[in-house]
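Rule-based calculations on the coordinates, nothing more; no lab input. A quick note: this is a predicted structure, and the numbers were derived from the prediction, not measured. Glycine gets a Cβ as well: all are built from the backbone with ideal geometry, and neighbour counts include every protein chain shown.
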Amino acid sequence: MTVTPDYDEATYGDYPDDGTLCNFDPNPAEVLTQTYIHSVICAFGLIGNALVVVTYIFYKRTKTMTDVYLFNVAVADLLFVVALPFIIYNEQHSWLMGQVACKLLRSAYSINLYSGMLLLACISGDRYIAIVKARRSFGSRSRCLIYCRLICLAVWVFAVALTLPTLIYTALFKDLDLGDETAEMVCELSFNKYETAKLMKVLVPSLQMGIGFLLPLSVMVFCYSSIMCTLMRAQSSQRHKAIRVVIAVVIVFIVCHLPYNVALLSHTVSLFKERSCEAERIKLKVLAISKSVAYLHCCLNPILYAFIGVKFRSHFKKIMSDLWCFSKKYIYSARLSPGTSDACTSGFKSSEGSNHLSSFSA
C-alpha cells in the first residue's frame with residue numbers, strides 16, 4: 001500500500017492504492033509509555049526551572065547578562081512544561097478544551113523552541129564579548145543590562161512571530177481514519193487549499209530547522225570556538241569554570257534537538273510524494289520518539305546548573321535551608337524553641353545578604 005501526497009492534515013496519508021485507509025494511531029502501550037515520559041519531564045522541568053526563577057528573583061540582587069538570559073530560558077521552559085500536561089490530557093480525551101486551547105497548546109513548543117535556542121545563542125554572544133573582546137569597553141553594567149532586557153524582549157516577539165503560522169493554521173477536526181462513527185477530534189495543521197498546504201508544510205518545519213536550530217547553532221559554534229582559543233592562550237582555569245555550564249547547556253540542547261530536526265527534515269522531504277503506509281508509520285514513530293527527546297531539554301538545564309554551577313548550588317542550598325526553616329516555623333511552630341526560630345530567621349537573612357554572587361555559571 002502507498003500513501004498519496006497529502007494536501008490537508010485531515011486527509012494525511014489516507015489513500016492507499018487498494019482503497020483502504022492507513023491507520024497511524026499509536027498502540028495503547030506506546031501512548032502509556034509516552035504519557036509516563038512526558039509526566040516525568042513535566043515534573044522535573046517544573047521543579048527545576050521554578051528553582052531557577054526563584055533563585056534569580058529572591059536570591060540574587062547583583063545580576064549579570066548571562067543571568068538574565070538564563071532566567072528567560074527558564075521562563076520559556078516553564079511555559080512549556082505547564083502546557084505539557086494539558087496537551088497530554090487533551091490528546092487522550094479528544095481535545096475537550098476546544099479550539100482556543102488547541103491553538104495555544106500546539107504553539108507552546110514552537111515558542112519554547114525559538115525563544116530558548118535564540119536565547120542560548122545570545123548567551124554565547126555575551127560570553128564571546130566578555131572573554132574574547134574583554135579589553136573593549138561596552139559601557140556601564142546598568143546600561144548593558146538594559147540592552148540585554150531589550151534583546152530578550154525582541155527574542156520573545158520574534159519567537160511569537162515565527163509561531164504565527166502554527167497558531168493560525170492549527171485547528172480541530174475529526175480524524176476520519178476510523179470512520180464517521182468512531183471519529184475523534186484531533187488538533188493538527190489543517191488547510192483548505194493545496195497551495196497553502198504545500199507552502200506551510202514546507203515553511204513551518206523549515207523555520208524550525210533553520211532559525212530554531214541551524215542559525216543559533218552556527219552562532220554558538222563560532223562564539224565558543226573563539227572562546228576556546230582565547231582560553232587556551234590565557235591558561236585561565238577560572239574562566240573555564242565561568243563558561244562550562246553554558247557550554248554544557250548548549251551541548252545538551254543540541255543532543256536533544258538534533259535527532260528531532262533530522263527526523264523532521266526526512267519527513268519534510270517526503271511530503272507530497274507517494275509512500276507506503278508502513279514507511280509512514282515508521283517515520284511518524286521516529287518523529288514522536290525524537291520529539292519526546294527534544295522535550296527533555298526543559299528539565300535538563302536546571303540539573304546542569306545544580307551540578308556544574310558552583311554559585312547556583314550555593315543558592316540552591318540556601319533555598320532548601322529557608323524552606324526547611326519556614327516549614328518548621330509555620331507548620332510545627334508549637335514545638336519550636338525561640339532559639340530555633342531565630343536561627344531560621346538568620347539563615348534567611350544570610351541568603352538575602354549573599355546576593356553579591358555574580359553568576360549561576362561560576
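The residue 164 and residue 142 beta-carbon pair, evaluated with R₀ = 30 Å, returns a calculated FRET efficiency of approximately 0.30. Once the C-beta distance of residue 282 and residue 324 is scaled by a Förster radius of 41 Å, the resulting FRET efficiency is 0.25 to the nearest 0.05.
If the segment from residue 173 to residue 206 were pulled out straight at 0.36 nm per residue, it would be longer than the present Cα-Cα gap by 9.4 nm. The amide H of residue 276, built 1.01 Å from its N in the peptide plane, has 3 as neighbours under 5 Å, considering only residues 5 or more places off or on other chains.
Spacing of the modelled spin labels on residue 252 and residue 27, each 7 Å from Cα toward Cβ, amounts to 3.3 nm. Computed from backbone phi with θ = phi - 60° and the Karplus coefficients 6.51, -1.76 and 1.60, the 3J(HN,Hα) list for the range 48-54 is x, 6, 5, 5, 4, 5, 4 Hz; x is used for glycine and proline. Between residue 215 and residue 86, residue separation times 0.36 nm minus the direct Cα-Cα distance comes to 43.4 nm.
Anything over 22 Å Cα to Cα? Flag those among 201/283; 193/283; 103/283; 291/317, in the order listed. In this structure, 193/283; 103/283; 291/317 lie more than 22 Å apart at Cα.
For residue 188, the residues 5 or more places off, or on other chains, whose built amide H falls under 5 Å of its own are 171, 173.
For a paramagnetic label modelled on residue 292 (point 7 Å from Cα along Cα→Cβ), amide N atoms under 11 Å away belong, within the range 28-59, to 29-41. Phi angles of the range 95-102 translate, via the Karplus equation with coefficients 6.51, -1.76, 1.60 and θ = phi - 60°, into HN-Hα couplings of 6, 5, 7, x, 5, 5, 4, 4 Hz per residue; Gly and Pro are given as x. Phi angles of the range 114-130 translate, via the Karplus equation with coefficients 6.51, -1.76, 1.60 and θ = phi - 60°, into HN-Hα couplings of 5, 5, x, 5, 5, 5, 5, 5, 5, 4, 5, x, 5, 5, 4, 5, 5 Hz per residue; Gly and Pro are given as x.
Net length available on complete extension from residue 57 to residue 193 is 44.1 nm, with 0.36 nm assigned per residue and the Cα-Cα distance removed.
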